[in-house]
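The values are calculated or read from the model by the stated rules, or taken from the named source; none is laboratory data. Here the structure is a predicted model, which is why all the values come from computation and not from measurement. Positions of Cβ are backbone-derived with ideal geometry, glycine not excepted, and every protein chain shown enters the neighbour counts.
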Amino acid sequence: MTGARILVVDDEPANTLLLTRILGAAGYRNVASTNEADEALEWFCAATRDGVPFDLVCSDLHMPRVSGLELIERVRAELDEDDFLPVLVITADLTPAAEEECLRRGASDFVTKPFKKTQIRLRVANLLRTRHLQAALREHNERLETAVRERTADLEDARQDVLERLASAAEYRDYTTGQHTQRVGQLAGLLAEQLGCDPTTVELVRRAAPLHDVGKIAIPDHILLKPGPLTSREFAQMQEHVEAGSRLLARGRSDLMAMAETIARTHHERWDGSGYPLGLIGDAIPLEGQVVAVADVFDTLVNERPYKRAWPVARAVDEIRRQRDRWFSPLLVDAFMAVLEANPDLVTLLERSVSREHADREQAAQRG
């Protein structure tokens with residue numbers, strides 16, 4: 001405690017000299033004193049700004065130009081809301097009304113003049129001890145908050161890892177390496193951003209989009225992997241992956257799971273109402289479902305599947321444009337074109353990713 005920084009303010013030089021001597025005799029080495037309240041305020045502000053704040057202010061109540069009450073109030077204004085700074089008021093005129101006003105402005109304790117050395121020593125020691133304990137408590141709370149944030153981040157990372165693996169699991173069965181889900185997530189996030197969604201929503205879309213086809217886990221291999229067109233009965237079974245994915249993701253308690261469920265349920269709806277499973281029309285389709293529909297269709301077109309060869313990127317872009325007002329809303333098609341224009345490297349990266357995926361598939365076929 002003896003290293004605490006103490007500021008003594010009194011318009012009577014004899015009082016400041018006496019207080020300084022008492023505090024020095026008690027072992028306090030960093031005591032600054034002045035007879036001018038405005039000068040004390042300048043010192044206090046400078047010390048706070050420089051990162052070496054005072055730990056205690058001892059102030060008279062009645063002073064010219066700047067009163068003790070005003071000094072207390074202006075000192076408090078320089079502090080953070082949770083920063084405890086003890087203020088010891090030393091005055092010869094402490095009426096109940098003055099005491100109440102001092103406490104309202106932020107005073108911590110009082111000593112009446114004439115005072116005794118023991119009074120000063122005990123009050124100063126107690127106030128500094130309180131400040132020390134308050135600082136220790138705040139530091140402890142900050143450490144706890146940091147630990148909670150780190151733990152929460154770890155849990156979130158673990159949950160996201162599980163969701164990503166779940167999304168990839170469905171794609172592995174479809175002769176891909178799971179890169180489709182990653183590309184859909186990336187493009188969906190860019191589309192949401194282009195549409196003016198807030199950063200939190202953009203991030204949710206980016207992370208939830210890869211789960212759009214998780215329901216394919218429930219589809220039999222002879223349908224999912226059939227090398228050719230599906231019969232009407234087989235197509236009806238394939239459509240069941242929407243409901244399966246929705247059930248799998250339902251009742252999630254996080255915003256991420258809620259959005260993933262919505263995407264899984266609505267990403268096969270079409271703007272003109274010809275989609276499934278609900279036949280929703282226009283803006284009845286949730287925006288996140290519309291966004292993922294565009295991203296999913298585009299990536300599926302440029303990627304090889306058991307039932308089709310990969311399309312050139314330019315042809316796939318033309319197809320997205322052709323489906324304006326049919327499969328996709330005009331707003332989404334415009335956003336898609338704007339994203340491609342604003343991200344010229346996206347097409348190149350996509351082509352490389354699809355090429356690597358094709359090579360991986362060929363190697364797997366040779367090994368198998």
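Of the residues making up segment 303-316, those that are in contact (Cβ under 8 Å) with a residue 12 or more places away in the chain and within 20 Å of Leu224 (Cβ to Cβ) number 6.
Scanning segment 1-18 for residues that are closer than 14 Å to Gly68 by Cβ and not in a strand (DSSP E or B) yields Asp10, Asp11, Glu12, Asn15, Thr16. The numbered conditions (1) assigned to a helix (DSSP H, G or I); (2) under 38 Å from the mean Cα position of the chain (by Cα); (3) within 30 Å of Arg49 (Cβ to Cβ) are all true for Glu150 except (3). Would you be able to say whether some residue in segment 61-73 is in the same structural domain as Arg131 (by TED's automatic domain parsing) and under 22 Å from Met1 (Cα atoms)? Among the residues of segment 61-73, not one is in the same structural domain as Arg131 (by TED's automatic domain parsing) and under 22 Å from Met1 (Cα atoms), which makes the answer no. Can you confirm whether segment 222-234 contains a residue that is in contact (Cβ under 8 Å) with a residue 40 or more places away in the chain, buried (at least 18 other Cβ atoms within 10 Å of the Cβ) and not acidic (Asp, Glu)? Scanning segment 222-234 turns up at least one residue that is in contact (Cβ under 8 Å) with a residue 40 or more places away in the chain, buried (at least 18 other Cβ atoms within 10 Å of the Cβ) and not acidic (Asp, Glu). All but one of (1) more than 25 Å from Ala335 (Cβ to Cβ); (2) touching a residue at least 40 places away in the same chain (Cβ under 8 Å) hold for His267; state the number of the condition that does not hold. It is condition (1) that His267 fails. Quick one: is Asp255 charged (D, E, K, R) and more than 33 Å from the chain's Cα centre (by Cα)? No; evaluated as a whole, the condition is false for this residue. Whenever a residue of segment 317-336 is touching a residue at least 12 places away in the same chain (Cβ under 8 Å), its partners that are of a type in the set (A, V, I, L, M) and assigned to a loop (DSSP other than H, G, I, E, B), lying with C-beta atoms within less than 6 angstrom and at least six residues away or across chains, give the pairs Ala335/Leu195. Where helices (runs of 4 or more DSSP H) fall entirely within segment 25-140, those with at least 1 residues that are crowded, with 19+ Cβ neighbours inside 10 Å and in contact (Cβ under 8 Å) with a residue 60 or more places away in the chain are at 68-77. In the condition set (1) over 18 Å from Arg129 (Cα atoms); (2) modelled with pLDDT of 85 or more; (3) loosely packed, with under 15 Cβ neighbours inside 10 Å, Gly3 is compliant with all but (1). From Val242, Val294, which residue is in a helix (DSSP H, G or I), out of contact with any strand residue (DSSP E or B) (no Cβ under 8 Å at 6 or more places or on another chain), surrounded by 15 or more Cβ atoms within 10 Å (Cβ to Cβ) and touching a residue at least 12 places away in the same chain (Cβ under 8 Å)? Testing whether each residue is in a helix (DSSP H, G or I), out of contact with any strand residue (DSSP E or B) (no Cβ under 8 Å at 6 or more places or on another chain), surrounded by 15 or more Cβ atoms within 10 Å (Cβ to Cβ) and touching a residue at least 12 places away in the same chain (Cβ under 8 Å) leaves just Val242.
Taken together, the residues in segment 221-233 that are outside any loop (DSSP other than H, G, I, E, B) and either over 19 Å from Gly279 (Cα atoms) or not assigned by TED's automatic domain parsing to the domain that holds Glu304 (or both) amount to 4. Considering segment 6-15, and only residues there that are surrounded by 20 or more Cβ atoms within 10 Å (Cβ to Cβ) and without any contact (Cβ under 8 Å) to a residue 60 or more places away in the chain, the residue that is nearest to Ala92 (Cα to Cα) turns out to be Val8. Filtered by the rule that a residue be outside any helix (DSSP H, G or I) and either over 17 Å from Ser274 (Cα atoms) or aliphatic (A, V, I, L, M) (or both), segment 297-334 gives Asn303, Glu304, Arg305, Pro306, Tyr307, Lys308, Arg309, Ala310, Trp311, Pro312. May I ask you to verify whether Leu278 is of a type outside the set (Asp, Glu), in the same structural domain as Leu230 (by TED's automatic domain parsing), touching a residue at least 12 places away in the same chain (Cβ under 8 Å) and under 16 Å from Ser246 (Cβ atoms)? Taking the combined requirement at face value, the residue satisfies it.
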